[in-house]
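Colleague: Submitted below is the structure of interest, expressed as structure tokens.
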Amino acid sequence: MTGGLATPKSRVLPIWKFDVEAVRKDFPILGTVVHDKPLVYLDNAATSQKPLQVISALNQYYLTTNANIHRGVHHLSQKATTEYEAARDQVRAFLNARSTKEIVFVRGATEAINLVAQSFARPRFKAGDEILITHMEHHANIVPWQILRDQIGIVLRVAPINDNGELILEEFEKLITDKTKLVAVTQVSNALGTIVPVKQIIEMARSRSIPVLIDGCQAVPHIPVDVQSLDCDFYVFSGHKIFGPTGTGVLYGKEALLDSMPPYQGGGDMISSVTFEKTTYNELPYKFEAGTPHIAGGIGLAAALEYVSRIGLTQIADYEHELLEYATSVLEEIPRVRIIGNARPKASVISFVVEGLHPHDIGTILDHEGIAIRTGHHCAQPVMQRFDIPATSRASFAFYNRPDEADALAAGLRRAIEVLG
């Protein structure tokens with residue numbers, strides 16, 4: 001690789017078809033120097049970096065368009081409204097939803113799941129009804145259902161995973177009963193990288209007329225998503241995971257379901273008319289979007305989706321698969337390193353522990369080498385409990401990462417082992 005970190009002479013890199021150097025030019029932060037070392041950013045599962053195209057979209061909005069949207073008759077308001085609604089259509093196209101009425105802008109996947117819990121599930125479910133999740137869920141797909149359990153007495157069922165971090169499908173299917181009223185699962189585990197067979201899960205649930213929510217936060221940056229092909233009822237993701245601004249996110253919901261759901265929050269813009277006696281709510285999707293939204297963020301998210309679509313998620317997935325295989329082989333050569341989660345298939349996440357060393361100490365040493373990883377439980381404490389560990393170190397790759405950065409990670413780990421003993 002040109003312009004990068006040194007590759008060990010003993011290792012021969014495969015031929016990479018993806019032009020990663022061209023992509024990296026769009027991400028100025030990747031040229032940052034940390035502790036006098038070139039930045040190696042491997043914390044993409046926590047948040048991704050932003051390309052110039054997204055930064056420019058945000059700047060242009062504030063420089064030329066800034067105004068509140070909807071109902072304003074002046075030029076800037078109409079321009080902002082047009083751009084914001086064009087962003088909604090960009091999301092619709094990205095997910096292949098049928099209509100923009102099915103695209104609700106939220107602050108992130110966490111808010112989207114809470115919206116479904118309180119607006120869809122709470123009015124419909126009763127004590128004893130069951131919601132089925134998996135053992136690899138992010139806290140955002142656990143806690144909202146626990147809150148609902150405390151509110152109305154639903155039962156939360158958890159499907160197990162095996163030692164490779166894969167969902168045990170036959171056990172999952174056994175947990176689907178007449179009491180199951182919702183299935184809510186991640187498409188890709190943020191802690192393990194496991195790609196969950198959500199299509200099969202949806203088919204299982206569909207045969208029993210059970211609605212399904214998919215947490216796509218870790219999926220959308222890495223693999224193509226088609227909600228019509230999946231036939232899921234709800235799909236959620238956060239913009240900052242897919243190279244867009246923080247504080248942005250999307251709830252996709254089938255129009256008939258969203259239309260039947262009461263508003264999640266009350267206030268401006270989600271109303272058609274208000275008197276002291278009665279309020280009439282706005283049409284979809286606006287009845288779920290109370291208050292002034294993150295207008296610039298929505299426009300920036302659209303720029304991110306357009307950027308990713310132009311490169312091509314299939315091409316991204318192929319490159320990241322090769323990168324994951326390479327990085328895995330490099331780390332497996334290091335004594336005392338044990339990778340947690342060896343699912344097939346798997347996205348570009350490697351969680352690992354080093355015998356005798358605490359992940360936080362590893363993260364600190366790597367930081368001094370300019371390498372950014374994540375250490376801790378990754379908002380997935382039940383996963384840590386499943387593998388009987390307090391935490392892991394997690395390196396998560398994006399399409400702008402290079403194989404020599406995997407070598408840098410390996411060298412940094414060897415350095416950490418040497419320093420920490």
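The values are calculated or read from the model by the stated rules, or taken from the named source; none is laboratory data. Owing to the predicted nature of the structure, the values given are computational and were not obtained by experimental measurement. Note: ideal-geometry Cβ built from the backbone for every residue, glycine included; neighbour counts use all protein chains shown.
Colleague: Going through 297, 291 one at a time, which residue ends up being in a loop (DSSP other than H, G, I, E, B) and either more than 28 Å from residue 45 (Cβ to Cβ) or within 17 Å of the chain's Cα centre (by Cα) (or both)?
Modeller: 291
Colleague: Being surrounded by 16 or more Cβ atoms within 10 Å (Cβ to Cβ) and over 24 Å from residue 414 (Cα atoms): is that true of residue 319 here?
Modeller: In short, yes.
Colleague: Looking at segment 40-54, I want the residues that are under 16 Å from residue 244 (Cβ atoms) and touching a residue at least 12 places away in the same chain (Cβ under 8 Å) and have a partner that is among the β-branched types (Val, Ile, Thr) and buried (at least 23 other Cβ atoms within 10 Å of the Cβ) with Cβ atoms under 8 Å, at least 6 apart or on another chain. Which pairs are those?
Modeller: 45/349; 48/242
Colleague: So, one more: Quick test for you: out of 386, 336, pick the one residue that is more than 25 Å from the chain's Cα centre (by Cα) and surrounded by fewer than 21 Cβ atoms within 10 Å (Cβ to Cβ).
Modeller: Step by step, each of 386, 336 is checked, and only 336 is more than 25 Å from the chain's Cα centre (by Cα) and surrounded by fewer than 21 Cβ atoms within 10 Å (Cβ to Cβ).
Colleague: Which condition from (1) within 19 Å of the chain's Cα centre (by Cα); (2) loosely packed, with under 13 Cβ neighbours inside 10 Å is the one that residue 163 breaks?
Modeller: Going through (1) within 19 Å of the chain's Cα centre (by Cα); (2) loosely packed, with under 13 Cβ neighbours inside 10 Å one by one, residue 163 breaks only (1).
Colleague: Across segment 190-212, what is the total count of residues that are out of contact with any Lys or Arg (no Cβ under 9 Å at 6 or more places or on another chain), among the hydroxyl-bearing types (Ser, Thr, Tyr) and buried (at least 17 other Cβ atoms within 10 Å of the Cβ)?
Modeller: Final tally of qualifying residues: 0.
Colleague: Here is a list: 253, 244, 239. Which entry is outside the structural domain of residue 345 (by TED's automatic domain parsing), more than 23 Å from residue 131 (Cα to Cα), in contact with a strand residue (DSSP E or B) (Cβ under 7 Å, 6 or more places away or on another chain) and among the small types (Gly, Ala, Ser)?
Modeller: From the options 253, 244, 239, the qualifying one is 239.
Colleague: Moving on to the next point. Filter segment 117-148 down to the residues that are exposed (fewer than 15 other Cβ atoms within 10 Å of the Cβ) and out of contact with any Gly (no Cβ under 9 Å at 6 or more places or on another chain), then identify the one that is nearest to residue 205 (Cα to Cα).
Modeller: Residue satisfying both the conditions and the ranking: 124.
Colleague: Taking residue 351 as meeting all but one of (1) among the small types (Gly, Ala, Ser); (2) surrounded by fewer than 21 Cβ atoms within 10 Å (Cβ to Cβ); (3) outside any helix (DSSP H, G or I); (4) in contact with a His (Cβ under 8 Å, 6 or more places away or on another chain), write down the number of the exception.
Modeller: (2)
Colleague: Does segment 161-176 hold any residues that are of a type outside the set (D, E, K, R) and touching a strand residue (DSSP E or B) at 6+ places or on another chain (Cβ under 7 Å), and which are they?
Modeller: Result: 161, 165, 167, 168, 172, 175, 176.
Colleague: Right, here's the next one. Conditions first: (1) within 21 Å of the chain's Cα centre (by Cα); (2) under 30 Å from residue 161 (Cα atoms); (3) part of a helix (DSSP H, G or I). Residue 326 passes all but one, so which condition is the exception?
Modeller: So the condition that residue 326 fails would be (1).
Colleague: Let me ask something additional. Residues that are surrounded by 16 or more Cβ atoms within 10 Å (Cβ to Cβ), part of a helix (DSSP H, G or I), out of contact with any Ser or Thr (no Cβ under 9 Å at 6 or more places or on another chain) and in contact (Cβ under 8 Å) with a residue 40 or more places away in the chain: does segment 235-254 have at least one?
Modeller: No, the conditions are met nowhere in segment 235-254.
Colleague: Which residues, counting only those in segment 66-115, are part of a helix (DSSP H, G or I), surrounded by fewer than 17 Cβ atoms within 10 Å (Cβ to Cβ) and among the aliphatic types (A, V, I, L, M)?
Modeller: 76, 86, 93
Colleague: Considering only segment 261-279, how many residues are part of a loop (DSSP other than H, G, I, E, B) and without any contact (Cβ under 8 Å) to a residue 24 or more places away in the chain?
Modeller: Result for segment 261-279: 5.
Colleague: While we're on this one: Here are some conditions: (1) assigned to a loop (DSSP other than H, G, I, E, B); (2) farther than 30 Å from residue 293 by Cα; (3) not polar (S, T, N, Q). Residue 232 meets all but one. Which one does it not meet?
Modeller: (2)
Colleague: Within the group 151, 60, which residue is modelled with pLDDT of 95 or more and out of contact with any Lys or Arg (no Cβ under 9 Å at 6 or more places or on another chain)?
Modeller: 60
Colleague: Also, I was wondering about something else. Could you pull out the residue among 126, 174, 179 that is without any contact (Cβ under 8 Å) to a residue 12 or more places away in the chain and basic (Lys, Arg)?
Modeller: 174
Colleague: Restricting attention to segment 354-374, and to residues there that are part of a strand (DSSP E or B) and of a type in the set (A, V, I, L, M, F, W, C), which single residue is nearest to residue 419 (Cα to Cα)?
Modeller: 354
Colleague: Which one of these is more than 30 Å from residue 268 (Cα to Cα), at pLDDT below 95 and buried (at least 17 other Cβ atoms within 10 Å of the Cβ): 42, 5, 30?
Modeller: Only one candidate qualifies: 5.
Colleague: Ok, one more. Can you spot a residue in segment 266-281 that is in the same structural domain as residue 99 (by TED's automatic domain parsing), closer than 13 Å to residue 106 by Cβ and of a type in the set (Asp, Glu)?
Modeller: No, there is no match, as no residue in segment 266-281 is in the same structural domain as residue 99 (by TED's automatic domain parsing), closer than 13 Å to residue 106 by Cβ and of a type in the set (Asp, Glu).
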